[in-house]
Amino acid sequence: MKEDGVVDESTRFMIALPTPYNVINMSVAPADRLTVEPAYERAMAMEVSEIAAALPHDQISIQWDVAHDMQTYEGSRQCYFAFHQDGIVERLVRMGEIVPDDIAMGYHLCYGNFGGKHFVEPRDMAPMVELANHVSSGIGRSIDWIHMPVPIELDDEPYFKPLRGLRLGNETSLYLGLVHDQDGEDGCRRRMATADKFISGYGIATECGLGRRPPESIGPLLELHDRLI
């Protein structure tokens, strides 16, 4: 597609992976989670190594999808280990560091998206900002992007105000998931105008990617992005 000019030369193929915590906390019996976790992490590290061995590093990126982790960090889900916030940070750092340095890597902080609804509705961006800051300061490699969702109904200053405390490295891009096709360009620009009061230089995205949508909705949604940038 790049050779045909359909896709820009700088585009990378993004491989989105759920964190081990996300899968274990959802799919393993509570009494067995701590026992299963090390083996699952080793298997995930092997999978990332296989991806890195098979594909050109300058053509791919890896995103960690951080759903149960995010919700546990802010206290909305029970955790299977003590000191849940420190433990979530340690696990996200560990997963980030298994990705080779020359493969672009980022995190999608997620509140779920089954049927277009969150598992938990964020009150504001403070837990996301705090988690992003801790991971950014603790990791031993670059983070290329962090994505934070913005619910369609939240265009108020209290939701965005915690962004003033965001402390990412210069190499890290912030993407705000404020693009919703339900209220179109006007709604998106309203949320952007509020975000602009507290941060600049961010990118825009949908709240939770392009999956679980009717195929015919993708074209208009991409066109909406284009009008907003």
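Since every read-out is calculated from the coordinates, none of them should be taken as a lab result. As the structure is a prediction and not an experimental result, all values here were calculated from the model. Using ideal geometry, Cβ is built from the backbone for each residue, glycine included, and neighbour counts are taken over all protein chains shown.
One table, with the values for the structure above:
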item	result
Net +/- balance of residues flanking GLY209 in space, Cβ distance below 14 Å, scoring K and R +1, D and E -1	-1
Proximal charge balance of GLU37 [Cβ under 13 Å; K/R count +1, D/E count -1]	0
Net charge contributed by nearby residues that have their C-beta within less than 9 Å of ARG141 (K/R +1, D/E -1)	-2
Structure-derived Kirkwood radius over Cα pairs in Å: which label, when the choices are (i) 19.3; (ii) 19.8; (iii) 18.6	(iii)
Value at 222 nm in deg cm²/dmol, rounded to 500, when DSSP H runs of n ≥ 4 in the chain each add -39,500 (n - 2.57)	-12000 deg cm²/dmol
The stretch 64-94: chymotrypsin sites (Phe, Trp or Tyr not before Pro) falling in loop per DSSP and having at most 13 other Cβ within 10 Å	PHE83
Length gained when the stretch PHE81-ARG190 is fully extended (0.36 nm per residue, less Cα-Cα span)	35.2 nm
The stretch 1-101 - percent relative contact order, Cα under 8 Å, separation 6 or more	37 percent
